[in-house]
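Before any comments, here is the structure.
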Amino acid sequence: MPTGVHSVTSTTPTEADAGLLRFATAGSVDDGKSTLIGRLLFDSKSIFNDQLESVERTSKQRGDEYTDLALLTDGLRAEREQGITIDVAYRYFATPRRKFIIADTPGHIQYTRNMVTGASTADLAIVLVDARKGLVEQSRRHAFIVSLLRVPHLVLAVNKMDLVDWSQEAFEKIQRDFTAFATKLDIPDLTTVPISALHGDNIVSRSGNMPWYEGSSLLHHLENVHIASDRNLVDVRFPVQYVIRPKSLQYPDYRGYAGQVAGGILKPGDEVMALPSGLTTRIAAIETADGPVEEAFAPMSVTIRLEDEIDISRGDMICRPHNQPYVAQDIDAMVCWMADTPLSPGQKLAIKHTTRSARTLVKDIQYRLDVNTLHRDEDAGQLGLNDVGRVRLRTTAPLLADEYRRNRITGGFILIDEATHRTVGAGMITSAS
């Protein structure tokens, strides 16, 4: 096949479950997110000697009494000087059982937009809570956003247990408070672990300082959490990203449609429909950079060749004839607003949904949510920075969309300020017509 298609190797959905876990850390500032990730990298021997030496040298220069493993992820100079995370730091490490991509997200409220970015593609989120402080507003905010983004697995990590003398009572109180709050959210899988990221207790192995805790270590949970069933393998969704036409002597008539599978399972011979045209055909072949495969499923990146030459371009979608997404211009969605200027009715923005771009008009703000009480303020006329609310939009071109609860890829979108080209909002579709 022609070059230019990035892909993953062919595996089955079950095999993919054991391969890669994307997880994000969240929680209030100074709860120890970067230290936790540094500890995971250090204890799993996933850092180089020169990296460790650099961290040790920087720690000594700052006068720290110990090697600050948080410096492994806090890469910006401002982050190191202030001891906080500002940007989303992505790190990779692996154990014999699994590979991991970590998104270390910031805790300050003004960087909530970065937290949304880091958690939007995660299979699992770790919300850290300081054992001394218990649940704070930002803990609840991040847990709510994790629920809103429908991250299927959540770990509550009660950190700094060494500073409360490894108290079972302190841990269980936070566990009760969080569980009571979580009952108001949509969290299908919740696990609670008491840890000390600084000293490594219950991170890679069980801690002798907390014999009352009978659960697994954090890393053991990350290695064994089952994520294959989280994927939608029923609704075939393939947003077309690029049409490959080499026009070369070797491939004179080649026409392939490249993109990432967003849902379902595709196989050669399957009858499919192209939207928005509604024309039907069958799959002739599915190819990757490593050659043809017999099936494709999320999140594989592939090129699909069809038996018939029909008009398909970027932004179109391949699906099943009797299982189609909404083709809609009127969208109701939960929106996380990320700009300093408020979102108001009548505002015009650009919208990016899967591989399709359009413009949109904000028709109405139905309510704003209080992240602490989950109260709906139906009198709110706008959304401010870091606010979450339900918004009604009208797009200039129809979106090929599903409800977010059914498919996180085809149900999610971003809003872009056309003047600055900055992403100003992230949306989760609740209904479309």
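Enumerate the strands (runs of 3 or more DSSP E) found wholly within segment 258-322, keeping only those where 1 or more residues are aliphatic (A, V, I, L, M), within 24 Å of the chain's Cα centre (by Cα) and crowded, with 22+ Cβ neighbours inside 10 Å.
On the way: elements: 271-275, 279-288, 291-293, 301-306, 317-319.
Hits in segment 258-322: 301-306, 317-319.
Just for strands (runs of 3 or more DSSP E) wholly inside segment 97-194: which have at least 3 residues that are within 13 Å of the chain's Cα centre (by Cα) and modelled with pLDDT under 90? Talk me through it step by step, then tell me what you get.
On the way: elements: 99-104, 124-130, 153-159, 189-194.
Filter on segment 97-194 gives 99-104.
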task = For segment 165-183, indicate whether the set of residues that are touching a residue at least 24 places away in the same chain (Cβ under 8 Å), surrounded by fewer than 17 Cβ atoms within 10 Å (Cβ to Cβ), touching a His at 6+ places or on another chain (Cβ under 9 Å) and farther than 30 Å from A289 by Cβ is non-empty.
result = no
The residue that is surrounded by the most Cβ atoms within 10 Å (Cβ to Cβ), considering only those in segment 233-250 that are part of a loop (DSSP other than H, G, I, E, B) and in contact (Cβ under 8 Å) with a residue 40 or more places away in the chain, is V236
Checking I429, I365, I351, I416 in turn, the sole residue that is surrounded by fewer than 21 Cβ atoms within 10 Å (Cβ to Cβ) and among the β-branched types (V, I, T) turns out to be I416
Note on segment 284-299: residues at pLDDT 95 or above and out of contact with any strand residue (DSSP E or B) (no Cβ under 6 Å at 6 or more places or on another chain) are E294
Flagged in segment 210-232 as part of a loop (DSSP other than H, G, I, E, B), surrounded by fewer than 15 Cβ atoms within 10 Å (Cβ to Cβ) and in contact (Cβ under 8 Å) with a residue 24 or more places away in the chain, in numbering order, are W212, G215, H226
Taking segment 396-408 and keeping residues touching a Pro at 6+ places or on another chain (Cβ under 8 Å) and open to solvent by 30 Å² or more (accessible area, probe 1.4 Å) leaves P398
Within segment 372-395, residues being crowded, with 20+ Cβ neighbours inside 10 Å and in a loop (DSSP other than H, G, I, E, B) number 1
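Okay, residues lined up against (1) basic (K, R); (2) under 30 Å from L306 (Cβ atoms); (3) outside any loop (DSSP other than H, G, I, E, B):
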{"position": "A333", "(1), (2), (3)": "no, no, yes"}
{"position": "A339", "(1), (2), (3)": "no, no, no"}
{"position": "P345", "(1), (2), (3)": "no, no, no"}
{"position": "L349", "(1), (2), (3)": "no, no, yes"}
{"position": "L361", "(1), (2), (3)": "no, no, yes"}
{"position": "Y367", "(1), (2), (3)": "no, no, yes"}
{"position": "A397", "(1), (2), (3)": "no, yes, yes"}
{"position": "T410", "(1), (2), (3)": "no, yes, no"}
{"position": "G427", "(1), (2), (3)": "no, no, yes"}
Just to be sure before I move on: is V204 surrounded by fewer than 18 Cβ atoms within 10 Å (Cβ to Cβ) and among the β-branched types (V, I, T) in the structure I sent? yes
So, first residue over 12 Å from A26 (Cβ atoms) in segment 121-145, second residue open to solvent by 10 Å² or more (accessible area, probe 1.4 Å) and in a strand (DSSP E or B), Cβ within less than 9 Å, six or more apart or across chains; the pairs are T121/R22; T121/I101; D123/L20; D123/R22; D123/H153
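The values are calculated or read from the model by the stated rules, or taken from the named source; none is laboratory data. As the structure is a computational prediction, the values presented were derived from the model and not from experiment. Counting neighbours? That spans all protein chains shown, and the Cβs are built from the backbone with ideal geometry, glycine included. With ligands, DNA and RNA removed, areas are computed over all heavy atoms of the protein, side chains included. Shrake-Rupley method; radii C 1.70, N 1.55, O 1.52, S 1.80 Å.
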